[in-house]
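The values are calculated or read from the model by the stated rules, or taken from the named source; none is laboratory data. None of the values given here were measured: they were computed from a predicted structure. For neighbour counting, all protein chains shown are included, and Cβ atoms are generated from backbone atoms with ideal geometry for every residue, glycine included.
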Amino acid sequence: MSLFSAMNVANKGLHASQIAMGVAGQNITNADVKGYSRKRVNLAADYQKSERFGQIGFGVQVVNISRLRNEYIDSQIRRQSHEFGKSVAIDYALESMENILLEPSDTGVLEYMNKFFDSWENLANNPEDLAARTMMMTNTNILTSAFRNAALELETLKNTRNQEIVALVDKVNTLAADIFNLNGEISIVELGGNFANDSKDRRDQLMRELSELIDFESFTSPDGQVTITVDGNILVSQVSVNKIEVYEDKATRTTDNSGFHQYGIRMSKGKNPINPKGGQIKGNMVARDEMIPKYEAHLDELAKALVTKVNEIHRTGYNIRGFTGFDFFDPTGLSAKTMKISPSISTDVNNIAVSRGGSFQNCTSNGTLPNDRGLSLPAGSHNYGIDALQLSTNLGVVWNESLPGHNASNKATNIAHGSVTVMIQGGPQNGMFLLEGTDFHIDYSAGTIQMLNSIFDAENLIVDFKYSVGSFPGIGNNENAILLGQLRKELTMNESALGTPSSTFDQYYSSMIADLGLDRTKTLADIRTREYLIEEYDTQQDSMAGVSLDEEMADLIKYQYTYQAAARIFTTVQAMLDVLLNI
């Protein structure tokens, strides 16, 4: 080997040491960067051929700079991240529902429901006290507000899941575009036979972030580019990025364009629907379509049962004037959101039925009408403008004291509020029901009917109703208030297959809250499991890809001495050349 060849060996040593020290410095400065993989310089002995000696060492060559990373572990981390993101989104909804229902507390539905029944017991002790009646209405309004506010908050939470899905889809598209751009960078570098290490680190980190949002499959081509598919649809390919979009599921829209509109996701091109299996998008869909509706239904069922059971008892009682048949709650408000006190009570607390006596019966016909029910009002007998007609209990026609068989016992009085129906019999409008207050007026205490619209004068009508049998026991009677107070302890909920209820109102609601807590406990357990597995995989990955400062400092010292030694070769060769030149 000539002296000039020796200088070339020294030069290669200097070059290799410089690159190795640069890589070690890069590792040290990025030790705390999330997703960074440790880089390693791969060196190999260089040589040249000699006719006399065969292969003669020709220094060192830098083969490449590789990154130390286990791609299988990355795939496992992404798989766990799919489930982690899903559970995190579900847990957020469950935690929000716990905050909305706020149980146990002094401002929750259960507390106000207990105060509602306490008010009935107080009213039973003071049946003639106006203040007790006013307090009864006040506590009822507070209870219905608690139901309504909880229902509205749950509905808002459900609607915000749609908004969250929109935001997450935007993030998915942004990450997909960044991954596609990195694909291009990596391809350019690796087609030249080199390694795009830092671009791959960045892409792996983006794919990890993407895995928390939506589940996907991926594979890498020989040129280093990654292809990502979502539910069988290509999201990122070697040539393009295909965005996903949010669309409204028209099947969930009500005919009057009100209520909840459900959002789904699909590919922007081709409009292929996507049904994710994991990630935060899936978690929000589960929360929106399963978890929140589950507890909305429970709350509505409780409100419906409370309205129905209270009204059943209240209608049989008497108000302070001796009238009966009043609903306590508005019978049309059979959900938590629509539950409210009836107009007859809200406008006059004296209509609260504290007293009790008698029962309700259906009016009957004289055997000429279907089902032996109702009174017949032939055309011409009920004309608009004539005096009010007296209803009868079992004659099949209006009561008239001048007719045989019509006596005081046949006169229908104390009609149950809301029980009256008037229907057209025969003709083109057969079966049509008339509207109370618009087409006819009922005096519930006197039991009379009066037509308010002349367009029905030529129609045959059938009037059906319920009336009270018995007498008003007086305003000091508290039997109905006692029954309503005792409803707190009655088994009214969770009917079995045989139709037998097994829970009280508060037991049903407490069970609902317990189920909510159990659902959240299960979700948190899943989150902890996924966090543990991800942490374990990260530890395994860090053992290979993580930067050890001690190792890197040792490498710096090693390559420092290597550099110094290579430089020493230069000075030695220079001295030898000086000797030759001075001969």
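Before moving on, here are some points about what is shown:
- Filter pass, ASP170 being assigned to a helix (DSSP H, G or I) and of a type in the set (Asp, Glu): yes
- Long-range neighbours under 7 Å by Cβ, at least six apart or interchain, first residue free of Cβ contacts under 8 Å to residues at least 60 places away in the same chain within region 165-182, second buried (at least 21 other Cβ atoms within 10 Å of the Cβ): LYS171/LEU213; LEU175/LEU210; LEU182/ARG203
- Residue ID - nearest to PHE326 (Cα to Cα), chosen from residues in region 481-531 that are among the hydrophobic types (A, V, I, L, M, F, W, C) and free of Cβ contacts under 8 Å to residues at least 60 places away in the same chain: LEU491
- ILE274 being touching a Pro at 6+ places or on another chain (Cβ under 9 Å) and at pLDDT below 95: no
- Test set (1) without any contact (Cβ under 8 Å) to a residue 12 or more places away in the chain; (2) under 23 Å from TYR444 (Cβ atoms) - LEU403 fails condition number: (2)
- Hey, LEU175 closer than 19 Å to VAL236 by Cα and either out of contact with any Gly (no Cβ under 9 Å at 6 or more places or on another chain) or assigned to a helix (DSSP H, G or I) (or both) or not: yes
- Within region 443-463, restricting attention to residues that are surrounded by fewer than 18 Cβ atoms within 10 Å (Cβ to Cβ) and of a type outside the set (Gly, Ala, Ser), the residue that is nearest to PHE326 (Cα to Cα) is ASP443.
- Members of region 7-34 that are surrounded by 15 or more Cβ atoms within 10 Å (Cβ to Cβ) and either not in a helix (DSSP H, G or I) or not assigned by TED's automatic domain parsing to the domain that holds TYR559 (or both): ASN30
- Against the conditions (1) outside any helix (DSSP H, G or I); (2) touching a helix residue (DSSP H, G or I) at 6+ places or on another chain (Cβ under 9 Å), LYS294 satisfies every one except (1).
- Selection status of THR393, in the same structural domain as PHE456 (by TED's automatic domain parsing), out of contact with any Lys or Arg (no Cβ under 9 Å at 6 or more places or on another chain) and among the β-branched types (Val, Ile, Thr): no
Per-residue answers, yes or no, for (1) surrounded by fewer than 18 Cβ atoms within 10 Å (Cβ to Cβ); (2) at positive phi; (3) part of a helix (DSSP H, G or I); (4) not acidic (Asp, Glu):
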residue: ASN99; (1), (2), (3), (4): yes, no, yes, yes
residue: PRO104; (1), (2), (3), (4): yes, no, no, yes
residue: TYR112; (1), (2), (3), (4): no, no, yes, yes
residue: PHE116; (1), (2), (3), (4): no, no, yes, yes
residue: THR140; (1), (2), (3), (4): no, no, yes, yes
